[in-house]
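A.B. asks: Next up is a structure, given as structure tokens.
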Amino acid sequence: MEILTTVLSVTVISVFLALIIIVAEYFFNNYGECEIDINNGDKKLKVEGGSSLLSTLSGQKIFIPSACGGKATCGLCKLQVLEGAGPLLPTEEPYLSQDERKNNYRLACQVKIKNNIRIMIPEELFNIKEYITTIESIEQLTHDIKGFRLKLPAGESVSFKAGQYMQFHTKPYAKIKESVYRAYSIANVPSDNEAIELIIRQVPDGICTTYAHTQLSEGDQVKISGPYGDFFLRGDCSEIVMIAGGSGMAPIRSIILYVLEKGIDIKMNFFFGAVTKKDLYYLEYFHDLAERHDNFRFIPALSKPAPEDNWEGEVGLITEVVERYVNDGSDMEGYLCGSPGMINACINVLDKKGIPEAKVYYDKF
């Protein structure tokens, strides 16, 4: 009886505390209607307070770049918040320079709308749109990478620069009760503007990648928004070095196809790194492009080829391979897509070869 009484007492206290928390959240987090003043009065929105600035704007069909879905891990959703943001949060500090802090930049995913707020949004972001696409095809590229071609609705097209990305939205599935979105680079050439091609690698326990790999079939509908990003060809040089691994091939492929289609007078060197042969894809595709175009060179490399691979190509870390091939980089630009570790290592190598970081453009994921 004593044990039972103790358990009941603890249960009653827990329920009582939970009720207090619910009531407190209702009264203290119910911020009512708030106004978002955009670009000094150019646009004013009446919204319900309590959500992040990022999600609130998205609900108003104003899409701010974000690769992480609002988790404060990418730092892309920077906006000038002139009034009403509250104090800077520790989660924002790593992504904001001193100049950005002085100029009132904040991460939109971390700013909660609690009162009227005044912000500045670059005009080009108003051109970002949302599309309900249909999966036209799914291609198994490697054991953990799939290619998706998403067809836009009839009569619609999307204007993007080679190298930019789209946000890909999931639906609730299995134990995942909410929709999430993640950023994936566009793999097709901009002239192919009635569809979007994405290359998605399945990440263990990744909510969005697991959804794409296990829940989708040809004919299904997928919501995307974009385009976003400033990873695109500058071309202020005679030759470019492009380095990628895994699904990082996507924006590089778009840039290569764009240069070849437009007949741009620039030499291209594409270094693609993988661990073993099973991690490689599009080998014949890029070798064929290299045979047909004098200004394109394709160098795949394996860091740890398996005996059964019978690999006769380049071996070593992709940075080692780049170091062997690139000599004078004084009139070159670099374009990198991959993990932060890979990109940082490549920046160091390119710098040694005469390509300063100011002429190296990258997309980390």
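A.B. asks: What number of residues within segment 206-259 satisfy the criterion of being of a type in the set (Gly, Ala, Ser) and assigned to a helix (DSSP H, G or I)? Step through it out loud before you land on a result.
C.D. replies: To start, the set of residues in segment 206-259 that are of a type in the set (Gly, Ala, Ser) comprises 206, 212, 217, 219, 225-226, 229, 235, 238, 244-248, 250, 254.
Within this subset, residues satisfying the condition of being assigned to a helix (DSSP H, G or I) are 212, 246-248, 250, 254.
Final tally of qualifying residues: 6.
A.B. asks: So which residues in segment 105-120 are touching a Phe, Trp or Tyr at 6+ places or on another chain (Cβ under 9 Å) and part of a loop (DSSP other than H, G, I, E, B), if there are any at all?
C.D. replies: Listed by number, the residues that qualify are ILE113, LYS114, ASN115.
A.B. asks: Does any residue of segment 277-296 turn out to be modelled with pLDDT of 95 or more, touching a strand residue (DSSP E or B) at 6+ places or on another chain (Cβ under 9 Å) and either in the same structural domain as SER191 (by TED's automatic domain parsing) or assigned to a strand (DSSP E or B) (or both)?
C.D. replies: yes
A.B. asks: Is it the case, given these coordinates, that VAL81 is among the β-branched types (Val, Ile, Thr) and touching a Lys or Arg at 6+ places or on another chain (Cβ under 7 Å)? Step through it out loud before you land on a result.
C.D. replies: Numbers: among the β-branched types (Val, Ile, Thr): yes; touching a Lys or Arg at 6+ places or on another chain (Cβ under 7 Å): yes.
Yes; evaluated as a whole, the condition is true for this residue.
A.B. asks: Restricting to segment 147-157, give me the number of residues that are of a type outside the set (Lys, Arg) and either in contact with a helix residue (DSSP H, G or I) (Cβ under 6 Å, 6 or more places away or on another chain) or buried (at least 16 other Cβ atoms within 10 Å of the Cβ) (or both). Spell out how you get there, then give the answer.
C.D. replies: In the first step, residues of segment 147-157 are kept if they are of a type outside the set (Lys, Arg); the result is 147-148, 150, 152-157.
Of the ones still in play, those that are also either in contact with a helix residue (DSSP H, G or I) (Cβ under 6 Å, 6 or more places away or on another chain) or buried (at least 16 other Cβ atoms within 10 Å of the Cβ) (or both) are 147-148, 150, 152.
Of the residues in segment 147-157, 4 are of a type outside the set (Lys, Arg) and either in contact with a helix residue (DSSP H, G or I) (Cβ under 6 Å, 6 or more places away or on another chain) or buried (at least 16 other Cβ atoms within 10 Å of the Cβ) (or both).
A.B. asks: May I ask you to verify whether VAL189 is crowded, with 17+ Cβ neighbours inside 10 Å, β-branched (Val, Ile, Thr), under 29 Å from LEU302 (Cα atoms) and over 21 Å from the mean Cα position of the chain (by Cα)? Spell out how you get there, then give the answer.
C.D. replies: Numbers: crowded, with 17+ Cβ neighbours inside 10 Å: yes; β-branched (Val, Ile, Thr): yes; under 29 Å from LEU302 (Cα atoms): yes; over 21 Å from the mean Cα position of the chain (by Cα): no.
So VAL189 does not fit the description; no.
A.B. asks: Within 18 Å of the chain's Cα centre (by Cα), in the same structural domain as LEU198 (by TED's automatic domain parsing) and over 30 Å from GLY235 (Cα atoms): is that true of TYR181 in this structure?
C.D. replies: Details: within 18 Å of the chain's Cα centre (by Cα): yes; in the same structural domain as LEU198 (by TED's automatic domain parsing): yes; over 30 Å from GLY235 (Cα atoms): yes.
Yes; evaluated as a whole, the condition is true for this residue.
A.B. asks: Taking segment 121-146 as the region of interest, how many residues are in a loop (DSSP other than H, G, I, E, B) and loosely packed, with under 15 Cβ neighbours inside 10 Å? If you could, list the steps in order and put the result at the bottom.
C.D. replies: Just the residues of segment 121-146 that are in a loop (DSSP other than H, G, I, E, B), to begin with: 121-122, 128, 141-144.
So of that shortlist, the ones also loosely packed, with under 15 Cβ neighbours inside 10 Å come out as 122, 143.
Total meeting the criteria: 2.
A.B. asks: Related question: Out of all the residues in segment 189-235, which are polar (S, T, N, Q) and touching a helix residue (DSSP H, G or I) at 6+ places or on another chain (Cβ under 6 Å)?
C.D. replies: First pass over segment 189-235, keeping only residues polar (S, T, N, Q): 191, 193, 202, 209-210, 214-215, 217, 221, 225.
Of everything in segment 189-235, just one residue is polar (S, T, N, Q) and touching a helix residue (DSSP H, G or I) at 6+ places or on another chain (Cβ under 6 Å), namely GLN202.
A.B. asks: Among the residues of segment 107-134, how many are of a type in the set (Lys, Arg) and within 19 Å of the chain's Cα centre (by Cα)? Even if it seems obvious, please write down each step before you answer.
C.D. replies: Within segment 107-134, the subset of a type in the set (Lys, Arg) is 112, 114, 118, 129.
Restricting the remaining residues to those that are within 19 Å of the chain's Cα centre (by Cα) gives 129.
The qualifying residues number 1.
A.B. asks: Consider segment 172-188. How many of its residues are touching a helix residue (DSSP H, G or I) at 6+ places or on another chain (Cβ under 8 Å) and closer than 20 Å to ILE64 by Cα?
C.D. replies: Step one: of segment 172-188, the residues touching a helix residue (DSSP H, G or I) at 6+ places or on another chain (Cβ under 8 Å) are 173, 176, 180-182, 184-188.
From the residues that got through so far, the ones that are closer than 20 Å to ILE64 by Cα too are 180-182, 184-186.
The total comes to 6.
A.B. asks: Shifting gears a bit: For segment 301-315, state whether one or more residues are among the hydroxyl-bearing types (Ser, Thr, Tyr), within 29 Å of the chain's Cα centre (by Cα) and assigned to a helix (DSSP H, G or I).
C.D. replies: First, the residues of segment 301-315 that are among the hydroxyl-bearing types (Ser, Thr, Tyr): 303.
Narrowing the set further to residues that are within 29 Å of the chain's Cα centre (by Cα) leaves 303.
Imposing the further condition that a residue be assigned to a helix (DSSP H, G or I) reduces the set to none.
Within segment 301-315, not a single residue is among the hydroxyl-bearing types (Ser, Thr, Tyr), within 29 Å of the chain's Cα centre (by Cα) and assigned to a helix (DSSP H, G or I).
A.B. asks: Which of the residues belonging to segment 84-115 are loosely packed, with under 15 Cβ neighbours inside 10 Å and in contact (Cβ under 8 Å) with a residue 40 or more places away in the chain? It would help to see each step written out before you state the result.
C.D. replies: Here is the first cut: in segment 84-115, the ones loosely packed, with under 15 Cβ neighbours inside 10 Å are 86-87, 89-91, 93-94, 97-103, 115.
Matches in segment 84-115: ASN115 only.
A.B. asks: Report yes if some residue within segment 298-311 is of a type in the set (Asp, Glu), touching a helix residue (DSSP H, G or I) at 6+ places or on another chain (Cβ under 7 Å) and modelled with pLDDT under 95; otherwise report no. Show your work before the answer.
C.D. replies: Narrowing segment 298-311 to residues of a type in the set (Asp, Glu): 308-309.
Now narrow it down to the ones that are touching a helix residue (DSSP H, G or I) at 6+ places or on another chain (Cβ under 7 Å): 309.
Narrowing further to those that are modelled with pLDDT under 95: 309.
Checking segment 298-311: at least one residue is of a type in the set (Asp, Glu), touching a helix residue (DSSP H, G or I) at 6+ places or on another chain (Cβ under 7 Å) and modelled with pLDDT under 95.
The values are calculated or read from the model by the stated rules, or taken from the named source; none is laboratory data. These numbers were taken from a predicted model, which means no experiment stands behind them. Counting neighbours? That spans all protein chains shown, and the Cβs are built from the backbone with ideal geometry, glycine included.
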